[in-house]
Amino acid sequence: MKVKGRAEHSLWYYSQLFNVPLSLIIDSNTNLHVKDTLHDKIINIPGYIVKEYGITKEDSFDSVANKLNMNIEALLLLNQGDLSNLNQNSKINIPIRVTEPIVIGEQNYTYQTMIADLKRLEEIYPFMKRNTIGYSVQNKEIPEVIVGNGEMRVHMNGSFHANEWITTAVLMALLNNYLLSITNQTSLAGIKTEPLYHYATLSLVPMVNPDGVELVLNGLPEDDQSREDVIALNEGSTDFSNWKANINGVDLNKQFPAKWELERPRKPLQPRPRDFPGYRPLSEPETIAMATLTMNSNFDRVIAFHTQCKEIYWGFDDREPPYSKTIVNEFAKKSGYKPVQTLDSYSGFKDWFIYEWKKSGFTVELGEGVNPLPITQFKDIYNESIGIFLAGLYM
């Protein structure tokens, strides 16, 4: 919600007026200094939307404020100007506090749905920052979301694999509920979240592989230039539900320079719907974007969300720090998932993170069954994930 500031007001005043933490007001208005005069400045107030209210014959500003149980000062702030001639044909703006999530995760969660939800979340929670880390093969933006101002830098991601798109739906729902809880100063799964905002900075890439997700969920348009090639890679079938790779037929989670040369010979030697590690590491724009982000961000911890066996992989090449075991045991306690230290597998994103930086990295395999997991598992997966999401920020 945007309001026009007044000279006699301060960001602290708006924090008190709208019952929003001052730090969120400040982080929502990074173009302003906390001591700046606010006369005629546009101020972002997180956690609110504006709606129109039609004045009735009996209404006054006082009666409307009483009727809607809101502070008359907030009402006046949204309706500056000559208010002396209000009548039953007049409309005024009223601030509405957002108390429910806007992300609907329990659906076929497409790239377009994610972009629309991110835009809406930006509007409601302007302290959430959004960057573009790169573009997919088909030139789709790969967004990163940043929430928090703490020294601990935690990265999470989803949908490296196309048929694991439910991870995006879960992460977007978790993000929404985290923003909602921070702003309204409520608990999430029994944990106060405002302190987490100051302890950790969350970097989230909800959908690493947008082309692949769209292929799985919507297929290919008749006029798509890559249609014939992609169908050929899929052995002539237009059923792409089992597609795991990016649109080039490269498995994005087999693309990182962490003993990639050991993984390459035992995987397909040419593009396929799954498991082909590419002709060289970091050959794809999506993995280049993720690698560049990671190299530039000094993350303390990364958590990659995949599906589907209710396990958490936490080691690689004996380079993981001892503290990783403590963290993964907390993840297991919160989710009921099984910790697995090592696998006979190389060149994944978390493998590379551990290999290069010797910091904690985790691959969380959500849910159970055959990919793509049915959306009917969404609620269970969300409930299993929320403890991992929060513990990833406070451990």
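The values are calculated or read from the model by the stated rules, or taken from the named source; none is laboratory data. Keep in mind that this is a model prediction, so the values were computed, not measured. We place every Cβ from the backbone using ideal geometry, glycine too, and count neighbours over all the protein chains shown. Heavy atoms of the whole protein, side chains included, go into the accessibility calculation; ligands, DNA and RNA do not. Shrake-Rupley method; radii C 1.70, N 1.55, O 1.52, S 1.80 Å.
Report, ordered by the first and then the second residue, all pairs with beta carbons closer than 8 Å, sequence separation of six or more or different chains, a first member in region 211-239 that is within 16 Å of L252 (Cβ to Cβ), and a second member that is open to solvent by 70 Å² or more (accessible area, probe 1.4 Å).
So the pair list comes out as L233/R272.
In this structure, does N383 turn out to be polar (S, T, N, Q), assigned by the TED database to the domain that holds L202, out of contact with any Phe, Trp or Tyr (no Cβ under 9 Å at 6 or more places or on another chain) and in contact (Cβ under 8 Å) with a residue 12 or more places away in the chain?
No.
Is there a residue in region 76-83 that is in contact (Cβ under 8 Å) with a residue 40 or more places away in the chain, under 30 Å from E164 (Cα atoms) and surrounded by fewer than 13 Cβ atoms within 10 Å (Cβ to Cβ)?
no
What is the number of the single condition among (1) assigned to a helix (DSSP H, G or I); (2) without any contact (Cβ under 8 Å) to a residue 40 or more places away in the chain that T183 does not meet?
(2)
Could you list all residues from region 1-20 that are touching a His at 6+ places or on another chain (Cβ under 8 Å) and either under 12 Å from G47 (Cβ atoms) or open to solvent by 40 Å² or more (accessible area, probe 1.4 Å) (or both)?
Within region 1-20, R6, A7 qualify.
Among the residues of region 365-395, count how many are part of a strand (DSSP E or B), crowded, with 24+ Cβ neighbours inside 10 Å and out of contact with any helix residue (DSSP H, G or I) (no Cβ under 6 Å at 6 or more places or on another chain).
0
Here are F305, F331, F316: which of them is in a helix (DSSP H, G or I) and buried (at least 21 other Cβ atoms within 10 Å of the Cβ)? So that I can check it myself, show each step before the final result.
Numbers: F305 fails: in a helix (DSSP H, G or I); F316 fails: in a helix (DSSP H, G or I).
Of the residues listed, the single one that is in a helix (DSSP H, G or I) and buried (at least 21 other Cβ atoms within 10 Å of the Cβ) is F331.
Rundown of residues vs (1) open to solvent by less than 60 Å² (accessible area, probe 1.4 Å); (2) hydroxyl-bearing (S, T, Y), yes/no style:
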{"site": "L22", "(1), (2)": "yes, no"}
{"site": "H33", "(1), (2)": "no, no"}
{"site": "S90", "(1), (2)": "yes, yes"}
{"site": "N93", "(1), (2)": "yes, no"}
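State yes or no: is I303 at pLDDT 95 or above, of a type in the set (V, I, T), in the same structural domain as A189 (by the TED database) and touching a Ser or Thr at 6+ places or on another chain (Cβ under 7 Å)?
no
Just the residues that are polar (S, T, N, Q) and in contact with a strand residue (DSSP E or B) (Cβ under 9 Å, 6 or more places away or on another chain), please, taken from region 318-336.
Once the filter is applied, which keeps residues that are polar (S, T, N, Q) and in contact with a strand residue (DSSP E or B) (Cβ under 9 Å, 6 or more places away or on another chain), region 318-336 yields S324, N329, S335.
Looking only at region 109-161, count every residue that is outside any strand (DSSP E or B) and touching a Lys or Arg at 6+ places or on another chain (Cβ under 7 Å) and tell me the total.
To start, the set of residues in region 109-161 that are outside any strand (DSSP E or B) comprises 109-128, 136-140, 148-151, 159-161.
Narrowing the set further to residues that are touching a Lys or Arg at 6+ places or on another chain (Cβ under 7 Å) leaves 111, 118, 122, 161.
Adding up the residues that qualify gives 4.
Taking interchain pairs and intrachain pairs at least six residues apart, which have beta carbon atoms under 7 angstrom, with the first residue in region 152-173 and under 16 Å from P374 (Cα atoms) and the second among the polar types (S, T, N, Q) and open to solvent by 10 Å² or more (accessible area, probe 1.4 Å)?
Every condition considered, the pairs that remain are H161/N253; N163/S241; N163/N242; N163/N371; E164/N371.
Within the set of pairs 6+ apart or on separate chains, which have a first residue in region 325-339 that is in contact (Cβ under 8 Å) with a residue 60 or more places away in the chain, a second that is assigned to a helix (DSSP H, G or I) and open to solvent by less than 80 Å² (accessible area, probe 1.4 Å), and C-beta atoms under 7 Å apart?
E330/A391; F331/I388; F331/A391
Checking the conditions here, which among T342, T292 is in contact (Cβ under 8 Å) with a residue 60 or more places away in the chain and not small (G, A, S)?
Sole residue among the options that is in contact (Cβ under 8 Å) with a residue 60 or more places away in the chain and not small (G, A, S): T292.
Okay, residues lined up against (1) touching a Pro at 6+ places or on another chain (Cβ under 9 Å); (2) aliphatic (A, V, I, L, M); (3) under 23 Å from F299 (Cα atoms):
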| position | (1), (2), (3) |
| --- | --- |
| L179 | yes, yes, yes |
| L202 | no, yes, yes |
| V213 | no, yes, no |
| L220 | no, yes, no |
| S226 | no, no, no |
| N234 | yes, no, no |
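Which of (1) in contact (Cβ under 8 Å) with a residue 24 or more places away in the chain; (2) of a type in the set (S, T, N, Q); (3) closer than 27 Å to V230 by Cβ does N177 not meet, given it meets every other one?
All conditions are met except number (3).
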